[in-house]
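Novice: Please see the structure below; I have some questions.
We did not get these values from a lab; they are worked out from the coordinates using the rules stated. Only a predicted model underlies this, so the values are computations on that prediction, with no experimental measurement involved. Cβ atoms come from the backbone with ideal geometry, glycine included; neighbour counts cover every protein chain shown.
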Ligand SMILES: Nc1nc2c(ncn2[C@@H]2O[C@H](COP(=O)(O)OP(=O)(O)OP(=O)(O)O)[C@@H](O)[C@H]2O)c(=O)[nH]1
Ligand SMILES: [Mg+2]
């Protein structure tokens, strides 16, 4: 368990359940209905394949999943539809990688987390929620306002810092983001004795300045100051943007060594199945999900819990 959150598991389950309401009502309830049939036949498998693809699971993954299921059902001599349904859920959860726990126990090593993504995806909001989440779990957190392009971006992070009750290291709008990261690491290591530093970055893809080059620069600055930093580079993806989010993700993956995804706005979409497509396309785990606009609308991602929620009764 990443942050020793056993107590919070139940709460996380409720948040995920609630945010998946739209997803569940759509294709996933049709999939559940399929398994109300009396017997397992070819038609059921064909329908399942079509529905999985419709559920934004990704074509390759859907085909592979159904073919693996069919094989297991036949090899294990499964006859009951209910058993095939259980197997589907198990196999779906197995497709999703579980994120590695953070090594926060090493006393003097600052854990540096860089948060990247296109504008509007929910970076700053997610950083606020993550800071709060860590703080609730007894971690000392500092935020770095390395999105220096807009004064509003710095203000927004400072507001989230206040809400979460953590310090924010910022400079004037327009200042060098690299200098902000440098200062923030120094400050985190010195007087503030932080355990986790979370870096907010700019998100514009379509302007003249080269976002990817800048992210690489920030990464290098962190690496020079802290052993193996940044320890995490989290990509924030807006679930409501579907395929578009996946295209963005590939660009970021080419530029920096992503370690995980924060999937936001799960509450505003029926595209919860995207979690599988992210796994297929990026091969990196979803680490957190955003389940609303409030500070507590955030949960650690857990494959089994997620799949259970997808198929939970509406
Ligand atoms: N419903 C919902 N809204 C969210 C979630 N996460 C973020 N938002 C909203 O998405 C909008 C954009 O969020 P920001 O955090 O400002 O996004 P950003 O990536 O920092 O944007 P830039 O700084 O412009 O690059 C805000 O209105 C947030 O309230 C979520 O999980 N659910
Ligand atoms: Mg922002």
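Novice: What's the ranking of 92-104, 109-121 by average number of surrounding C-beta atoms within 10 Å, highest first?
Specialist: Details: 92-104: 16.2, 109-121: 22.5.
Descending packing order for the listed peptides: 109-121, 92-104.
Novice: Label region 264-314 by shape, choosing from rounded, prolate and oblate, from the square roots a ≥ b ≥ c of the eigenvalues of the Cα gyration tensor; if a/c is under 1.5 it is rounded, and otherwise prolate applies when a/b is larger than b/c, oblate when it is not.
Specialist: Values: a/c = 1.57, a/b = 1.20, b/c = 1.31.
Verdict is oblate for region 264-314.
Novice: While we're here: Based on the alpha-carbon gyration tensor of region 80-144 and its eigenvalue square roots a ≥ b ≥ c, which shape applies: rounded if a/c is under 1.5, prolate if not and a/b is larger than b/c, or oblate?
Specialist: It is prolate, given that a/c is not under 1.5 and a/b is the larger ratio.
Novice: Which whole number of Å³ per residue matches the convex hull of the alpha-carbon atoms in region 209-251? Before the final figure, lay out the partial values.
Specialist: Values: hull volume 3.3 nm³, N = 43.
It is 77 Å³ per residue.
Novice: Could you please state, rounded to a whole Å, how far the C-alpha centre of region 236-314 is from the C-alpha centre of region 19-61?
Specialist: Region 236-314 and region 19-61 have Cα centres separated by 19 Å.
Novice: Share of antiparallel DSSP beta bridges in the chain, in percent to the nearest 5?
Specialist: Values: 3 of 28 bridges.
Restricted to the chain, the bridges split so that about 10 percent are antiparallel.
Novice: What's the percent breakdown of Cα-Cα distances in the chain across 20 Å bins, shortest bin first?
Specialist: Answer for the chain: a P(r) of 33, 52, 15, 1 percent.
Novice: At 0.36 nm per residue, and after removing the present C-alpha to C-alpha distance, how many nm does the segment from residue 38 to residue 175 gain when stretched out fully?
Specialist: Values: separation 137, 0.36 × 137 = 49.32 nm, distance 6.61 nm.
That works out to 42.7 nm of additional length.
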